Amino acid sequence: MNNDLILQRLEQVKKIVAGRAQIMIVTKGQDISRIEPLLQAGHRLFGENRVQEAAQKWPALRLKYPDLQLHLIGPLQTNKVRQALDLFDEIQTIGRIKLIVAIKRERDKEMGRCAGFWLQINIGREPQKSGALEEDLPQILQAWKDAGLPARGLMAIPPAGQNPEPYFKLMKGLHDAFQVPELSMGMSGDYERAIKHGATLVRLGSAIFGD
Ligand SMILES: *Cc1c(COP(=O)(O)O)cnc(C)c1O
């Protein structure tokens, strides 16, 4: 596990992305010794899947790199909302009214750190995946508005093992309709195609850290 290789892979990815989208490095399962070289090299945008894991790794890194940006990109349970609002700069995985209501309740008590809220769409309509279904969007958007949450963007994880491009196209259509700034889609195996279809942020794990 060589840290030079990690930095080389980041340089490679940056060349390919060529400024067309933001690069989020997904650090789930990686320990601080593999994350810190990226911070030292100036990278600032990271994503974690679990509140608990992020709580163990990131407060110490924030002290040293106060301008880092950490997003939650995994499912959020309502009983972890308080912790998530204090730990993350943005939450990309909001797709249920119950969660929106819980976020509003906690923000009314104390704003916390989090300033960016993203709507996750279950674009492949997979029963095991979180995210909103298209037919639920009107009620979800109403709850979002009632809660006064600033909307930063849309996020999706297309079904694994299928051509993602039809899903990227559907997401692009929703992004155009909703007029929110960002569109988070594309991972290590498909980020170039995601950018071609309008992603403004790609989420990369294995492209940076290896398998
Ligand atoms: C793990 C993960 C990624 C990164 O996946 P890679 O294929 O390793 O790039 C991106 N998004 C989410 C939501 C993830 O859980």
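Roughly how many Å² of Phe178 are accessible to a 1.4 Å probe, to the nearest 10?
60 Å²
Taking all pairs of distinct Cα atoms, average 1/r, flip it, and tell me the Kirkwood hydrodynamic radius of segment 134-206 in Å to one decimal place.
Values: mean 1/r = 0.0770 Å⁻¹.
Answer for segment 134-206: a Kirkwood hydrodynamic radius of 13.0 Å.
Determine, from the Cβ-Cβ distance of Asp31 and Ala160 and an R0 of 30 Å, the FRET efficiency 1/(1 + (r/R0)^6), rounded to the nearest 0.05.
Working: r = 25 Å, r/R0 = 0.85.
Once the sixth-power term is evaluated, E becomes 0.75.
Where in segment 192-211 does the label zone of Leu7 land, with the point 7 angstrom along Cα→C-beta and an amide N cut-off under 17 Å?
208-210
Roughly how far apart, in whole Å, are the Cα centres of segment 13-46 and segment 141-191?
Answer, in whole Å: 21.
Tell me the mean residue ellipticity at 222 nm calculated for the chain from its helices only (DSSP H runs of n ≥ 4, each -39500 (n - 2.57), averaged over every residue, nearest 500).
Dividing the helical sum by the residues of the chain leaves -13000 deg cm²/dmol.
Counting only Cα atoms, I'd like the Rg/Rh figure for segment 32-125, Kirkwood definition for Rh. Intermediate values should be presented prior to the final figure.
Numbers: Rg = 13.7 Å, Rh = 13.8 Å.
My calculation puts Rg/Rh at 0.99.
Which semi-axes, in whole Å and largest first, does the equivalent ellipsoid of segment 50-105 have when worked out from the alpha carbon gyration tensor as the square roots of 5 times its eigenvalues?
Numbers: eigenvalues 94, 21, 18 Å².
Listed largest to smallest, the semi-axes of segment 50-105 are 22, 10, 9 Å.
Using θ = phi - 60° and the Karplus curve 6.51 cos²θ - 1.76 cosθ + 1.60, what whole-Hz ³J(HN,Hα) does each residue of segment 160-172 get, with Gly and Pro shown as x?
6, x, 10, 4, x, 4, x, 6, 4, 5, 4, 5, 4
State to the nearest 20 debye the size of the charge dipole of segment 142-193 about its Cα centre, where the only charges are +1 on K and R beta carbons and -1 on D and E beta carbons. Let's see the in-between values first.
Working: 5 positive and 6 negative charges, 18 e Å.
Using Cβ point charges on Lys, Arg, Asp and Glu, segment 142-193 gives about 80 debye.
Mean-square fluctuation check for the chain, GNM, Cα pairs under 10 Å: which of Lys104, Lys28, Lys145 is largest?
Top of the fluctuation ranking is Lys145.
Report, please, the projected area of the chain averaged over directions, based on the convex hull of its C-alpha atoms, in nm².
Details: hull surface 45.1 nm².
Its Cα hull, projected and averaged over all orientations, spans 11.3 nm².
For Arg105 paired with Lys169, estimate the spin-label separation in nm (one decimal), with each label point 7 Å from Cα along the Cα-to-Cβ line.
Modelled inter-label distance: 4.2 nm.
Using Cα springs under 10 Å in a Gaussian network model of the chain, which residue among Gly116, Gly173, Gly198 shows the largest mean-square fluctuation?
Gly173
Heavy-atom accessible area of Lys129 with all protein chains present, probe 1.4 Å, nearest 10 Å²?
Roughly 50 Å² of Lys129 is accessible to a 1.4 Å probe.
Could you sort out which of Lys15/Lys169; Lys80/Lys169; Lys57/Lys145; Lys109/Lys172; Lys64/Lys145 sit more than 26 Å apart by Cα distance in this structure?
Values: Lys15/Lys169 24 Å; Lys80/Lys169 33 Å; Lys57/Lys145 33 Å; Lys109/Lys172 35 Å; Lys64/Lys145 36 Å.
Violating the 26 Å Cα-Cα cut-off are Lys80/Lys169; Lys57/Lys145; Lys109/Lys172; Lys64/Lys145.
So how strong a dipole does the chain carry about its Cα centre when Lys and Arg Cβ are +1 and Asp and Glu Cβ are -1, to the nearest 20 debye? Don't skip to the answer; put the middle values down first.
Details: 29 positive and 24 negative charges, 36 e Å.
For this selection, approximately 180 debye.
The values are calculated or read from the model by the stated rules, or taken from the named source; none is laboratory data. Quick caveat, the model's predicted, so the values are computed rather than measured. Neighbour counts are summed over all protein chains in view; Cβ atoms, including those assigned to glycine, are modelled from backbone coordinates with ideal geometry. For the accessible areas, the whole protein counts, side chains as well, though only heavy atoms, and no ligand, DNA or RNA atoms are used. Shrake-Rupley method; radii C 1.70, N 1.55, O 1.52, S 1.80 Å.
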